[in-house]
Amino acid sequence: MSETHLYPVSEETAKAAWVDNAKYLEMYEKSVSDPEGFWAEHGKRIDWMKPFTQVKDVTFTVPGVSIKWFHDGTLNASVNCLDRHLETRGDQTAIIWEGDDPADDAHITYRDLYIRTCKLANALRAKGVKKGDRVCIYMPMIPEAAVAMLACARIGAIHSVVFGGFSPDSLAGRIQDSECCAVITADEGLRGGRKVPLKANTDKALETCPSVSTVLVVRRTGGDVAMKDGRDVWYHEAVEGQPETCEPEEMNAEDPLFILYTSGSTGKPKGVLHSTGGYMVYTSMTHQYVFDYKDGEVYWCTADVGWVTGHSYIVYGPLANGAVTLMFEGVPNYPTTSRFWEVCDKHKVSIFYTAPTAIRALMRDGEEPVKKTSRASLRLLGSVGEPINPEAWEWYHRVVGEHRCPIVDTWWQTETGGILITPLPGATDLKPGSATRPFFGVKPLIVDSEGGPLEGACEGNLCIAESWPGQMRTVYGDHARFEQTYFSTYKGLYFTGDGCRRDADGYYWITGRVDDVINVSGHRMGTAEVESALVAHSKVAEAAVVGYPHDIKGQGIYAYVTLVAGEEPTEELRKELVQWVRKEIGPIASPDVIQWAPGLPKTRSGKIMRRILRKIAENDFGALGDTSTLADPGVVDDLIDNRPAT
Ligand code: WTA
């Protein structure tokens with residue numbers, strides 16, 4: 001592996017930042033040598049109704065994994081995001097909303113956001129929603145999405161946000177798993193000038209979701225939608241006349257704040273459950289230090305609230321810090337590929353946080369669409385969701401940031417709640433492609449396949465040795481699956497599912513997933529989910545799905561499909577299967593390649609040898625390894641001979 005260029009912290013940046021390198025080393029040392037003392041101090045950064053006296057009570061041993069932080073304290077997350085700012089910054093903008101159409105935007109102050117949240121919270125209470133109930137949010141990127149999350153938090157309801165790109169089936173599965181009593185949605189979403197039929201999808205999903213008795217519908221496009229009597233209510237009618245204040249529910253630190261479904265290597269998506277106190281402490285603290293956020297700056301994270309990045313770094317972290325957070329409804333290439341940078345200029349964005357896939361897609365269009373904008377307001381860039389290749393990093397740094405803006409490559413997961421490995425702009429010399437060093441309180445451990453800890457420069461599987469406050473607490477309704485997935489592979493450690501290299505300077509380089517999860521444009525996808533969608537088609541006998549390198553998406557979806565006897569592998573059927581998967585899961589799961597496979601390479605005991613399928617998908621036929629244990633080695637030659645061009 002070639003050692004890369006080092007980008008040292010400038011003296012100016014170090015001086016202006018919350019922490020420079022000396023301070024980072026000092027704080028990090030304290031955070032790992034005395035976690036109780038460290039977090040007792042930093043736990044106070046948020047407002048507690050009843051202050052905590054206990055800091056941490058954690059065991060990573062299976063069975064009996066239990067994670068508790070600040071567990072005798074009480075608080076309310078919405079109070080931390082709203083009420084506590086009213087006196088000092090009630091008239092300051094909380095959310096800048098930029099619509100899909102560049103002519104549409106809005107500034108919402110902290111006081112506005114407080115009032116909107118209270119009104120919706122009251123409306124939900126009036127519908128009988130109470131503490132502990134689950135509410136599904138299936139929304140476009142409009143301010144009401146944030147309001148809905150905060151309103152749930154205010155009354156102690158657990159929100160479950162489902163990405164607006166998911167299909168009715170995927171939505172239904174998530175609603176059923178956590179037995180939501182209500183859904184908050186919109187008539188239609190708007191992305192890149194195209195409409196997304198959110199209400200129609202909801203109606204379809206709810207055919208199989210008897211637990212839902214209330215649907216609130218935001219009028220976004222004014223599109224014609226059906227309203228079911230007794231169940232569906234327009235959002236604007238539900239909040240009309242509701243009081244502008246709402247008594248917040250007093251929540252224990254360990255009461256759940258939200259559930260967010262994410263893909264794993266097996267089975268259906270898991271309901272990752274986050275609790276209130278530790279999550280608020282951790283997201284607000286990482287937002288401040290990683291983005292080196294200073295009062296009044298405009299901060300923009302381009303994620304969707306349907307993903308964890310939107311939860312932690314559009315809504316909870318920034319709002320807890322009284323930040324100005326920008327929420328974008330649209331896409332990077334609409335109306336033109338200058339859109340991101342035009343929005344930066346229009347709203348004077350200082351901090352910009354996006355995914356490598358967006359950078360790679362924009363790179364393809366050259367420098368001109370970037371250079372015709374000013375971007376003078378930018379001072380810090382961020383990256384999240386997948387490894388950023390050094391070429392994309394360099395382009396981001398040189399073209400977008402004009403060598404002026406440090407890049408924070410932040411590694412974390414839905415499960416971790418917040419950023420775990422990342423540079424701090426005033427402290428960390430940067431290496432393109434490396435997530436660099438751990439955040440305060442985070443103890444990464446690289447282990448070999450037997451679980452033996454590796455020292456110094458090494459490569460292996462990434463585990464985290466100690467808990468941090470933002471860690472997920474359980475899989476909703478299935479604690480055994482939580483223990484099995486994360487704590488049973490390597491004894492006493494949290495296993496991330498990622499491979500990782502540590503270099504001689506102690507910098508971490510995430511190499512990608514080591515399990516059957518693939519990362520498509522920064523979206524996690526379980527290969528098993530795509531396989532079961534394919535097999536659900538009447539003409540498919542068997543399917544095996546793997547990832548392969550894709551220039552823009554990072555990884556693409558490569559599906560090997562065996563048809564039932566008598567079915568012809570035609571171009572029409574290929575298209576039909578792609579459409580089928582889109583319909584079953586959502587457009588993000590569309591296979592990029594379908595290869596007809598008369599047979600799949602299997603061991604004599606019938607296990608599909610995915611290692612071989614991955615190699616063929618990667619066009620790497622020289623490294624197939626031992627195929628002698630295959631039941632029918634001829635299958636492999638056939639697959640190689642018929643591999644479609646990618
Ligand atoms: C990958 C997104 C390399 C990783 C916040 C992880 C990354 C998965 C990075 C989690 C990064 C995320 N560098 N890989 N900076 N950030 N990943 O749950 O494989 O959607 O396990 O959370 O994305 O994806 P998730």
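The values are calculated or read from the model by the stated rules, or taken from the named source; none is laboratory data. Nothing here was measured: the structure is a model prediction, and the numbers come from that model. Every residue, glycine among them, receives a Cβ derived from its backbone with ideal geometry; neighbour counts consider all protein chains shown. Note: areas computed on protein heavy atoms with side chains; ligands, DNA, RNA excluded. Shrake-Rupley method; radii C 1.70, N 1.55, O 1.52, S 1.80 Å.
Could you grab the relative contact order for the chain? Cα pairs under 8 Å, six or more apart, rounded to a whole percent.
13 percent
Which value, to two decimals, describes the C-alpha radius of gyration of the chain once divided by 2.2 N^0.38 Å?
0.94
For labels at D57 and R614 in the simple 7 Å Cα→Cβ model, what's the distance in nm?
It is 4.1 nm.
Averaging over every viewing direction, what projected area does the convex hull of the Cα atoms of region 439-579 cover, in nm²?
Answer in nm², one decimal: 11.7.
³J(HN,Hα) across region 243-250 via Karplus (A = 6.51, B = -1.76, C = 1.60, θ = phi - 60°), whole Hz, x for Gly/Pro?
Each residue of region 243-250 in turn: x, 8, 10, 8, 4, x, 6, 7 Hz.
Excluding ligands, DNA and RNA, what is the solvent-accessible area per residue of region 521-642 at a probe of 1.4 Å, expressed in Å²?
Roughly 45 Å² per residue, with all protein chains present.
How large is the dipole of the chain about the Cα centre if only Lys and Arg carry +1 and Asp and Glu carry -1, each at its Cβ, rounded to the nearest 20 debye?
The dipole magnitude comes to about 580 debye.
Which log10 I(q)/I(0) values, to two decimals, does region 123-272 give at q = 0.15 Å⁻¹ under the Debye formula with one point per Cα?
-0.74
Could you order the peptides 274-281, 382-389 from most to least packed, using the average number of other C-beta atoms within 10 Å per residue?
Highest mean packing first, the order is 274-281, 382-389.
Kindly work out what percent of the DSSP beta bridges joining two residues of region 521-642 are antiparallel, to the nearest 5.
Percentage antiparallel, nearest 5: 75.
Taking θ = phi - 60°, what integer Hz values does the Karplus form 6.51 cos²θ - 1.76 cosθ + 1.60 yield along region 479-491, in sequence order, with x for Gly and Pro?
Using θ = phi - 60°, the values come out as 4, 5, 5, 4, 5, 4, 5, 10, 10, 9, 5, 10, 3 Hz.
May I ask you to list the residues of region 256-274 whose amide nitrogen lies under 20 Å from a point 7 Å from Cα along the Cα→beta-carbon direction of S488?
Correct set: 262-273.
Restricting attention to region 383-486, which GluC sites (Glu not before Pro) occupy a DSSP loop and are surrounded by at most 10 other Cβ atoms within 10 Å?
Those satisfying the criteria are E450, E455.
A536 to T603: extension gain in nm, 0.36 nm per residue of separation minus the Cα-Cα distance?
Here the segment from A536 to T603 would lengthen by 21.7 nm.
Rolling a 1.4 angstrom probe over the protein heavy atoms, how many square angstrom per residue are accessible across region 375-447?
Solvent-accessible surface per residue comes out at 20 Å².
Per the 1.4 Å probe, what fraction of the accessible area of region 521-642, in percent, lies on carbon and sulfur atoms?
Whole-percent figure for carbon plus sulfur exposure: 49.
Assuming R0 = 30 Å, can you tell me the calculated FRET efficiency for the pair T88 and D224, based on Cβ-Cβ distance, to the nearest 0.05?
0.10
Can you pull the percent of region 389-460's accessible area that's carbon plus sulfur, 1.4 Å probe, other chains left in place?
50 percent
State the percent of C-alpha pairs, over all pairs in region 262-374, separated by a distance greater than 23 angstrom.
39 percent
Based solely on its DSSP helices, what 222 nm [θ] is calculated for the chain when runs of n ≥ 4 H residues each add -39,500 (n - 2.57) and the sum is averaged over all residues, nearest 500 deg cm²/dmol?
Computed ellipticity for the chain at 222 nm equals -8000 deg cm²/dmol.
Output the antiparallel fraction of DSSP beta bridges having both residues in the chain, as a percent to the nearest 5.
Taking every DSSP beta bridge within the chain, about 60 percent pair in antiparallel fashion.
Working only with C-alpha atoms, what are the Rg and Dmax values of region 521-642, expressed in angstrom?
Spelled out, the Cα radius of gyration and Dmax of region 521-642 are 14.0, 39 Å.
Filter K539/K615; K199/K583; K30/K491; K268/K602; K30/K68; K553/K583 down to the pairs with a C-alpha to C-alpha distance above 22 Å, please.
K539/K615; K30/K491; K268/K602
Ratio of region 369-411's C-alpha Rg to 2.2 N^0.38 Å, to two decimals?
1.14
Ranked highest first by average number of other Cβ atoms within 10 Å, how do 606-618, 368-380 line up?
Descending mean neighbour count gives 606-618, 368-380.
Using the heavy atoms of the protein chains alone and a 1.4 angstrom probe, what is the accessible area of region 185-294 per residue in square angstrom?
Here the residues of region 185-294 average 39 Å² of exposed surface.
Suppose each label sits 7 Å from its Cα in the direction of the beta carbon; what would the E237-R364 distance come out to in nanometres?
Using points 7 Å along Cα→Cβ, the separation is 4.4 nm.
Once you put a point 7 Å from the Cα of D101 and another 7 Å from the Cα of N333, both along the Cβ direction, what distance in nm separates them?
Between D101 and N333, the label points sit 2.3 nm apart.
Nearest 0.05, what FRET efficiency do T629 and H5 give at R0 = 56 Å with Cβ-Cβ as r?
According to the calculation, E is roughly 0.80.
Please list 3J(HN,Hα) in residue order for region 164-173, calculated via the Karplus relation 6.51 cos²θ - 1.76 cosθ + 1.60 where θ = phi - 60°; whole Hz, with x for glycine and proline.
Once θ is set to phi - 60°, the couplings for region 164-173 become x, x, 7, 6, x, 5, 5, 4, 4, x Hz.
Which order do peptides 333-341, 311-319 fall in by mean Cβ count within 10 Å, highest first?
Packing proxy ranking, top to bottom: 311-319, 333-341.
Assuming R0 = 22 Å, can you tell me the calculated FRET efficiency for the pair D429 and R398, based on Cβ-Cβ distance, to the nearest 0.05?
So the FRET efficiency works out to roughly 0.80.
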